[in-house]
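What follows is a short report on a single structure.
Please treat every number below as a calculation from the coordinates, not as lab data. In this text, all values refer to a predicted model and were calculated from it rather than measured experimentally. Glycine also receives a Cβ, built like all others from the backbone with ideal geometry; neighbour counts cover every protein chain displayed.
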Amino acid sequence: MGIWNYFFGGNKSEEKTNPDVALQEEANRIDQRLNPSLDVRKPHFDGRSESTWQRIFDRIRHDYEMEGYQDALTTADNKYRDDNISIIKLDLQADIHEAEIAIKEYLKEIDFHINSRRKADLHDLVEELESRRDICLDRLKIMEEIKVDVTNETGTSIRIILAYKRGFNKGLAALSMANIINRNI
């Protein structure tokens, strides 16, 4: 029977017994009743940007409002909300740390090429390399500012927290509307 399942798929009823799937399906049903035009698929940040630098800004721009909304429908608990916000902040800090490492490694390579090409009297190339180094140093300063903003919950990074909380609160309101206010007794 194992090879049959491998080629033709397993028992379809097994998928329905997973409690996470059942909770998500119930959340989707509530969501559809309240707003039939809403796409109920949960957004997910895939982290596949071209560079570590870009991944930081992709994470900041991600639709955390929809993510918070969906999370509230599946687990309507403020502790869960706060834990998710902490996880999101830690993910952003990890991306910043990864980008810092990548940029610092790149800076070492640039410095080697600057010294090597300067010895070869390639002045135009040295100027271009120095320009690239300046860009990298500016990016490191910006990342340091974002790190401070994440820690202090200020600046651009506060967008993540506000959006997630807003979505979570909308989800809590949707649950109350669907399960309590709109119920006929």
**Centre separation in Å (Cα based) which lies between the range 77-122 and the range 137-166** = 15
**Request:** Return the ratio Rg/(2.2 N^0.38 Å) for the range 51-175, where Rg is computed over Cα atoms only.
**Result:** 1.45
**Message:** Calculate the FRET efficiency for residue 184 and residue 78 from the Cβ-Cβ distance with a Förster distance of 35 Å, rounded to the nearest 0.05.
**Reply:** 0.75
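What net charge is computed for the residues neighbouring residue 133, neighbours being all others with C-beta under 12 Å from the C-beta of residue 133, Lys and Arg scored +1, Asp and Glu -1?
On the way: positive: 104, 108, 132, 139; negative: 109, 111, 127, 128, 130, 134, 138.
With Lys, Arg at +1 and Asp, Glu at -1, the neighbours total -3.
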